[in-house]
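Encoded as structure tokens, the structure appears first; notes follow it.
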Amino acid sequence: MSDQEHEGQGGAANEIGESRRDFLKGGLAVGAGLVTTAALGCRDGTTTASDSAPAAAHAEVSENKTHVPPGKLDDYYGFWSGGQSGEIRILGIPSMRELKRIPVFNRDAATGWGAEDFSKQLLGGRSSGDTHHVHLSYTDGTYDGRYVFVNDKASARLARVRCDTMAVDAIVDIPNSQGTHGIFPQRHKTGLVLCNAEFRTPPNNDGRDMEDPSKYGAMHTAIDGETMEVKWQVLVESNMDLAATDYTGKYSFATCYNSEGGVNLEGMMAADRDHLYVFNLAAIEKAVADGETIQVGDSSVPVVDARGEDGPYVLRVPVPKSPHGVNIDPTGRYAMVCGKLSPTVSVVDIEKLDAAFAGQITPRDTVVAEPEVGLGPLHTCFDGRGNAYTSIFIDSVVTKWNIEKAIQAFNDETINPILQKLDVHYQVGHTNASMSETKDADGKWLIALCKFSKDRFLNVGPLHAENDQLIDISGDVMELVHDGPAYPEPHDAVIVRRDLIHPVKMTPRNGASFEFYERIAAEDGVDMRQENKVVRVGPNKVRVYMVSVAPVFGIPEFKVKTGDEVQLIVTNLDAVEDLSHGICVSKHDVNFLVNPQDTKGMTFTAGSPGVYWYYCPWFCHALHLEMRGRMIVEA
Ligand code: RUQ
Ligand code: CUA
């Protein structure tokens, strides 16, 4: 047996697991040691689940529970962020089969996204992104199946995916912001999507105040989920991490892990307390309506300046240092703020926030529980039965705890709210449960998005798969049922009941992409569904309109001149489910997908004189290989 095989077996794997924990714990301790280790105090980090059954016992269970027989459908859609890939992925749950990738901020060769003209215009010349948080639009506290929203941390953008076509239809640049990280839509209706800037910058970031970080700030931005317009921003003094909204439309939330305003690690970890920002949306919108705003940069977006002290717009609820996730329980009553550098979750009673805003109680009085859940708590999700599940990064466990008991335990140390700790493999970031972010949390499945997989899969070189582990939470104890290797790096995921999502099978000829091509065709007086036409629109500019019906393109050959800018616009007239075509022009870096009833296009420069075959790259027909034509480039 090779060394590698040894690592896959129980004993060796555990040793390696422990050493990784120790390694990561060490890193954190060094950081924390700069100021204090008190916040990390109570656990040594080696305490992990004893409740979990040995790995071998799981194998059988796993097959039964996640196996979806051939031809059968999953019960849930999982929407996964794709992290550095800049995309969104759709998985079926519980099978964990990957069903689709939706290109968002990335250039995708399979579909042409990012090079195809509509998407290229949306991306504004950029070809990468960093997606973290995927959330669906809501009505009345549950998913309404209309949109998916996702952030781009790299370029401070928000994108929207239409759930009927599962394609992006809008991308907005967020002004005055860097590191857009936490986002969350309102839950009472498809209202605002709130977006947090994680990086502090000079508000007017034009060369002023660069050397004076005390003047830096960060924006909490409200974008209208229907129009995708940036409505307003609130300027706060400290950076913001994760976001959440309540269930009534009254508040939004942001965790703040750098209330110190530090610009290096030491500075960011100096204070033992940071806070949860609570934004009073009605007060902010009144200030915007009354013009009590400031001008920042050259953006026309109204900015409410809420830096410094608590006031009508923002409340700062003190929580232990460097909080990360904030999640609202399905009853809408509690906000769970994960400690990250503190082994606790602070439970904020949302019903007490009005009194705190009115100054009748202190902001800290809204904290009604602070259970100790393990070392490095990051995110919390719910089963709809009064229990919470917190991902614990350093301990590599998911901790299940009872919310009511945690509240009782706040005043009675004899009560233990912790129900179970389950080992995950390894270093879990986000965790989420089926319908957990809605009032319909159903407590069936939980996903643990582990950042490291090491010995869990065949070694494929230095870059390992992530390990998205599926856990059955329908019973009294959590049971690990599946290891899901994933290309890096899903940050967050939501699990949505399948009856809430209604994708179409044929592209509806409406919406932003369709209108984009319609406008162009209207200029040339062309009916894209009827005509095959080559139009010279300028001395060096040609538009080629082509329809496709399996297995032929409407134009078997067309002529252009070397150096011409050619815009090739193809309409797929097939009205047959799954009958996608595409077009690839040899040696011109042109290759894009056209789904049934859709229109897509790409612009390129005609190369040196010669014959260039174009062909359909999607297997569409018995005569698919014959589906091609010639572009003749003349001198
Ligand atoms: S963050 S691992 Cu980008 Cu969602 Cu917490
Ligand atoms: Cu059309 Cu292959």
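Just a few scattered comments:
- Once the C-beta distance of VAL611 and LEU463 is scaled by a Förster radius of 41 Å, the resulting FRET efficiency is 0.50 to the nearest 0.05.
- Compared with the direct C-alpha span, the chain from VAL576 to GLU260 gains 107.8 nm at full extension, assuming 0.36 nm per residue.
- Cα centroid separation, the range 540-589 to the range 197-260: 45 Å.
- Net charge over other residues, Cβ less than 12 angstrom from the Cβ of VAL560 (K, R count +1; D, E count -1): +2
- Gain upon complete extension [GLU309, GLU634; 0.36 nm per residue less C-alpha separation]: 110.0 nm
- Our summary gives the range 265-412 a relative contact order of 17 percent, counting only alpha carbon pairs under 8 angstrom and 6 or more residues apart.
- Placing +1 on the Cβ of every Lys and Arg and -1 on the Cβ of every Asp and Glu, with nothing else charged, gives the range 350-424 a dipole about its Cα centre of roughly 140 debye.
- Under the span-like rule (Cα at least 24 Å along the axis, Kyte-Doolittle mean at least -1.0), DSSP H helices of the chain: 10-33
- For the range 62-202, the residue among ASN106, GLY141, GLY182 whose Cα projects farthest onto the positive side of the dipole built from Cβ charges is GLY182.
- Selection of GluC sites (Glu not before Pro), the range 489-538, meeting DSSP coil and at most 10 other Cβ within 10 Å: none
- Within the range 576-635, the ratio Rg/Rh, alpha carbon atoms throughout and Rh by Kirkwood, equals 1.01.
- Taking all Cα-Cα distances within the range 345-502, those exceeding 20 Å account for 54%.
- Theoretical ellipticity at 222 nm over the chain - DSSP helices of four or more residues, -39500 (n - 2.57) apiece, nearest 500: -4000 deg cm²/dmol
- Under-5 Å amide H pairs with ALA154, H placed in peptide plane, nonlocal only: ASP130
- Label zone at HIS67, where the point sits 7 Å out along the Cα-to-Cβ direction: the range 87-126 residues whose backbone N lies under 16 Å: 94-97
- Share of carbon and sulfur in the accessible area of the chain stands at 51%, probe radius 1.4 Å.
- Each part reduced to its alpha carbon centroid, the range 458-491 and the range 388-402 end up 15 Å apart.
- Mean accessible surface per residue for the range 358-411, computed with a 1.4 Å probe while every protein chain stays in place, in Å²: 31 Å²
- Anisotropy class of the range 199-258 from Cα gyration tensor, a/c 1.5 cut: oblate
- Column: log10 I(q)/I(0), Debye, Cα scatterers of the range 455-575, q = 0.16, 0.21, 0.22 Å⁻¹: -0.86, -1.21, -1.29
- Stretchable slack from ALA355 to HIS624, in nm (0.36 nm times residue separation minus alpha-carbon distance): 90.0 nm
- The residues of the range 102-246 have, on average, 29 Å² of accessible surface per residue, using a 1.4 Å probe with all protein chains present.
- Rounded to the nearest 20 debye, the dipole size of the chain about its Cα centre is 1380 debye, using +1 on the Cβ of Lys and Arg and -1 on the Cβ of Asp and Glu.
- Whole-Å semi-axes of the chain's equivalent ellipsoid (Cα gyration tensor): 45, 31, 22
- Here the range 489-593 is treated with +1 on each Lys and Arg Cβ and -1 on each Asp and Glu Cβ, and its dipole about the Cα centre works out to around 280 debye.
- The mean sequence distance of close C-alpha pairs (under 8 Å, at least 6 residues apart), as a share of the length of the range 366-481, puts its relative contact order at 21 percent.
- The chain - percent relative contact order, Cα under 8 Å, separation 6 or more: 11 percent
- Accessible area per residue for the range 429-511, computed on protein heavy atoms with a 1.4 Å probe, is 39 Å².
- Descending by average beta-carbon neighbour count within 10 Å, the peptides 589-602, 338-351, 121-134 line up as 338-351, 589-602, 121-134, the highest first.
The values are calculated or read from the model by the stated rules, or taken from the named source; none is laboratory data. This structure is a prediction, so every number in the text was calculated from the model and none was measured. Don't worry about glycine lacking a Cβ; one is built from the backbone with ideal geometry, like all the others, and counts go over all protein chains shown. What goes into the accessible areas is simple: the full protein's heavy atoms, side chains included, and nothing from ligands, DNA or RNA. Shrake-Rupley method; radii C 1.70, N 1.55, O 1.52, S 1.80 Å.
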